[in-house]
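Please read the structure below before turning to the comments.
Just so it is clear, none of the values below were taken in a lab; they were calculated from the coordinates. None of the values given here were measured: they were computed from a predicted structure. Quick reminder, even Gly has a Cβ in these numbers, built from the backbone with ideal geometry, and neighbours come from all protein chains shown.
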């Protein structure tokens, strides 16, 4: 199969992203929605809804008298989500192709769900503070993030393949996510928290696009039970619960390539079809025939109880 051009694919990576839905996105999305404890008739926001990972199970719970607002900046992702909702005959689902962090609803929500979407927020703390205030008092936030070591070793294998094609000039993040000169993505000194390069797992490579640097920083900030718990408390949320969601996913080479094309790693890939094919070949050579993705995640739920 010939490599597809990452920059010119008309679907924006939506179909490649959705190939992972049965194995990764759907199990995690179902766990997030279950943690949110959604009731019939409630109003729900799915933040960075992608292809409907949280939207579909949430709409099945709210029923026709409820409301699920699916918000994402990718029209192609939401097109797939909308097609799924129509095929299932779901009512009360609305799709909004806009910037999720700036979304303003007509009325407060009972729950906000987000399957890895918070990792795409440009200003993690400020944007999430704003999103939390879209909830009614007593409303719930339920979300997933990657656990420490999640998405490995796809990032390292892909970077090695890119280096084969682009040469040694390709910058490679160090194991703690910093640049080769030791600085953090924002130019600050890295927060090593006492861990060495040997015992700290590698971080995902910085994806290109508007949320590239933010993705790396947000991943690092939330990638443990304690970090995620503390961050949610800092948002003013209460009754915070975080549970690990262990997941290992065997991937054949074609599906692993879809992971590269359908996630933030897509932005690292060359536009030239010939170069893209060479990257794919080098990537699949490193991948082997018995690759297992570490998809370990964290599922969190918390309540919004504003002071006063």
- Task: Work out how much length residue 79 to residue 133 would gain on full extension: take 0.36 nm times their residue separation and subtract the Cα-Cα distance, in nm to one decimal.
- Result: 16.7 nm
- Query: In nm, to one decimal, how far is the residue 307 label point from the residue 123 one, both placed 7 Å along Cα→Cβ?
  - Reply: 2.0
- Query: So how do 287-300, 244-257 stack up, highest first, on mean other-Cβ count within 10 Å?
  - Reply: 287-300, 244-257
